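**Q** Quick one: this structure, given as structure tokens, is what I'll be asking you about.
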Amino acid sequence: MASTKVDKDNQEESTVSCPICNKMYEKAVIEEHVNKCLFLNSSEETKLKQNKADQLNSKRNNSHLNNSYFQEKRPRISTSPGSSKAEKSSLAEPSKKTQLKESKSIPLAERMRPLHLEDIIGQVQVFGPGSMLRSSIENKIIPNMILWGPPGCGKTSLANVIANICKEQNNLRFVKLSATMAGINDVKEVVKIAKNEAQFKRQTVLFMDEIHRFNKLQQDTFLPHVETGTIILIGATTENPSFSLNNALLSRCRVVVMEKLSADDVLKILKHALMKTGKAVIGNDKQDLGKTSCEPLPCIVEEASLKWLAEMCDGDARVALGALELALAARAPETARSEPAILRLEDIIDGIKRSHMVYDRKGEEHYNTVSAIHKSIRASDDNAALYWTTRALHGGEDPLYIARRLVRAACEDIGLADQSAIVEAVACLQGCQQLGMPECDVLLAQCAVRLARAPKSTEVYRAMKRCRKSLIEAKGPLPPVPLHLRNAPTKLMKQLGYARGYNMLHKDKSGLNYMPEGMESRNFFQDSDSSNE
């Protein structure tokens, strides 16, 4: 009895009560449990859930006791060490099977996420060997940054690498949120835990995916915590940060610009995926399969098929991997067969078409493409003007928006050099309003080519800019309209001198000056202007 009492005392000394859920835990794990307990539940919610669980368990026990069949068939659980190990192993088996099923359901693009910087393919100019960002991450220094790039270029993959680094470090903690599902309350909860972690000298790295979906007022939530170092913010966005993110937040973060992946980079990613999964080998015939004991036999993928996939995905590795996974699933071999399936280029072209093109009618690509149309017309490059116009239409751009920009180009860049250009551009706009898509596509293409081939004159446009500049830079009140240029519909206005001395002769014969007082000698058409705007 005395030894039993001593053992109980020793056990009580080695365990500590959790201040949140009031459960007993060993001292070695109490700190980790408290952090989890704070993040998941408050103390009141934990007690309520525990009471509900106790009630459910008591009901189940009562129902088991009342069931005579269950009492007879239920196996007795032994408390011996050997039986407990056997029980744990039997319980672990279904969890492993569940994990295998879950891994099969995870998309191939998600399974191919890199864990180390060396595994990242592409984006050499951003975090390649010798770059500042790579050096800081290798030294376990994570800066506040905004990752800006098109879909599938590697923003989340870089965050995955940083998350893996945080797992290896005791002083870093990684939290991932998405602005598509999380709100301000979730951010506040992360900050609350981060402040608690800071007491244990652990810094929190918060990865906020699609951060542009937070409006600028919501983005202000990050400001004080980023500035004080409570959290290290890593934001990912496909929109231009200059327009979609708060300027105050941008001043506290480094903007990392990531470009589309090249076709060669995507091809490397596809080959790496085939090598890692082992479901297929690259070759052209059965001889390339070699000696393999895989059951079922792996599929043979032609090199040309992978190249076509890499080229059709428009630099989006996620699209390429998804298409490859779909193609392999369609050619999935049966469990019992003697010859491997061959995925040829013809098969993959018939099954998978170019399903998208990166073009956002409300995003930066919208403005970039229309700007390319206008500048091609200005440079008299009819071929480029045709390409960008067709590409904008193919991407789903509003044809009326393109037509309005063509009217602007006819006035701004062609002007008086070909006065019929504005007439044809307006006619194109009206034709697009009457026809709509897809019939109006040829109207836009013809108008763009016609404007590109027309002679150019920016005389009026530049004179207008000089006039506007003089108004902006004018000191004091603007000069009044001369009396002789004013209309005089009433007797009082005539007595005040309105319209006195006015005549309808040419300016060289009328003897009148039509510019305000003090600006009689100013000529906006003859002023020198060296700007290329």
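The values are calculated or read from the model by the stated rules, or taken from the named source; none is laboratory data. Source: prediction; values computed, not measured. All Cβ positions, glycine included, derive from the backbone under ideal geometry; neighbour counts span all protein chains shown.
Here's the yes/no breakdown for (1) surrounded by 20 or more Cβ atoms within 10 Å (Cβ to Cβ); (2) within 35 Å of the chain's Cα centre (by Cα); (3) under 30 Å from Trp148 (Cβ atoms):
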{"site": "Tyr387", "(1), (2), (3)": "no, yes, yes"}
{"site": "Arg408", "(1), (2), (3)": "no, yes, yes"}
{"site": "Ala425", "(1), (2), (3)": "yes, no, no"}
{"site": "Met437", "(1), (2), (3)": "no, yes, no"}
{"site": "Pro455", "(1), (2), (3)": "no, no, no"}
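**Q** Out of all the residues in region 488-495, is one or more of a type in the set (A, V, I, L, M), farther than 30 Å from Ala379 by Cα and not in a loop (DSSP other than H, G, I, E, B)?
**A** Filtering region 488-495 down to residues of a type in the set (A, V, I, L, M) leaves 488, 492-493.
Now restrict to residues that are farther than 30 Å from Ala379 by Cα: 488, 492-493.
Then keep just the ones that are not in a loop (DSSP other than H, G, I, E, B); that gives 492-493.
Checked against the condition, which is being of a type in the set (A, V, I, L, M), farther than 30 Å from Ala379 by Cα and not in a loop (DSSP other than H, G, I, E, B), region 488-495 yields at least one hit.
**Q** Out of everything in region 257-289 that is small (Gly, Ala, Ser) and modelled with pLDDT of 85 or more, what residue ends up being surrounded by the fewest Cβ atoms within 10 Å (Cβ to Cβ)? Spell out how you get there, then give the answer.
**A** Step one: list which residues in region 257-289 are small (Gly, Ala, Ser), which gives 262-263, 273, 278, 280, 283.
Then drop every residue that is not modelled with pLDDT of 85 or more, which leaves 262-263, 273.
Numbers: Ser262: 13, Ala263: 18, Ala273: 22.
Among them, the one singled out is Ser262.
**Q** Also, quick follow-up: Which pairs have Cβ atoms under 9 Å, sit 6 or more apart or on different chains, and link a residue in region 5-32 that is in the same structural domain as Asn171 (by TED's automatic domain parsing) to one that is surrounded by 10 or more Cβ atoms within 10 Å (Cβ to Cβ) and at pLDDT below 70?
**A** Close Cβ pairs (under 9 Å, with a partner that is surrounded by 10 or more Cβ atoms within 10 Å (Cβ to Cβ) and at pLDDT below 70) do not exist here.
**Q** Something else: With respect to the numbered conditions (1) in contact (Cβ under 8 Å) with a residue 24 or more places away in the chain; (2) in contact with a helix residue (DSSP H, G or I) (Cβ under 6 Å, 6 or more places away or on another chain), which one is the sole condition not fulfilled by Val407?
**A** Against the list (1) in contact (Cβ under 8 Å) with a residue 24 or more places away in the chain; (2) in contact with a helix residue (DSSP H, G or I) (Cβ under 6 Å, 6 or more places away or on another chain), Val407 comes up short only on (1).
**Q** Quick check on my filter: what residues within region 181-235 are part of a strand (DSSP E or B), among the hydrophobic types (A, V, I, L, M, F, W, C) and either touching a His at 6+ places or on another chain (Cβ under 9 Å) or outside the structural domain of Cys253 (by TED's automatic domain parsing) (or both)? Working first, answer last.
**A** So the first thing to find is which residues in region 181-235 are part of a strand (DSSP E or B), and the list is 203-209, 231-235.
Next cut, among the hydrophobic types (A, V, I, L, M, F, W, C) only: 205-208, 231-234.
Correct list: Leu206, Ile231, Leu233.
**Q** Do we have any residue at all in region 171-187 that's in contact with a strand residue (DSSP E or B) (Cβ under 7 Å, 6 or more places away or on another chain), under 17 Å from Val34 (Cα atoms) and loosely packed, with under 15 Cβ neighbours inside 10 Å?
**A** yes
**Q** Return the pair list, or none, for Cβ contacts closer than 8 Å from residues in region 100-112 that are closer than 15 Å to Val161 by Cα and assigned to a loop (DSSP other than H, G, I, E, B) to residues that are among the basic types (Lys, Arg) and at pLDDT 55 or above, at least 6 apart or on different chains.
**A** Qualifying pairs under 8 Å: Met112/Lys276.
**Q** In region 363-383, is there at least one residue being more than 18 Å from Lys271 (Cα to Cα) and at pLDDT below 70? Give the derivation first.
**A** In the first step, residues of region 363-383 are kept if they are more than 18 Å from Lys271 (Cα to Cα); the result is 363-383.
After this cut, where a residue has to be at pLDDT below 70 as well, the list is 363-364.
Checked against the condition, which is being more than 18 Å from Lys271 (Cα to Cα) and at pLDDT below 70, region 363-383 yields at least one hit.
**Q** From (1) loosely packed, with under 10 Cβ neighbours inside 10 Å; (2) at pLDDT 50 or above; (3) in a loop (DSSP other than H, G, I, E, B), pick out the condition that doesn't hold for Cys153.
**A** With (1) loosely packed, with under 10 Cβ neighbours inside 10 Å; (2) at pLDDT 50 or above; (3) in a loop (DSSP other than H, G, I, E, B) applied to Cys153, the lone miss is (1).
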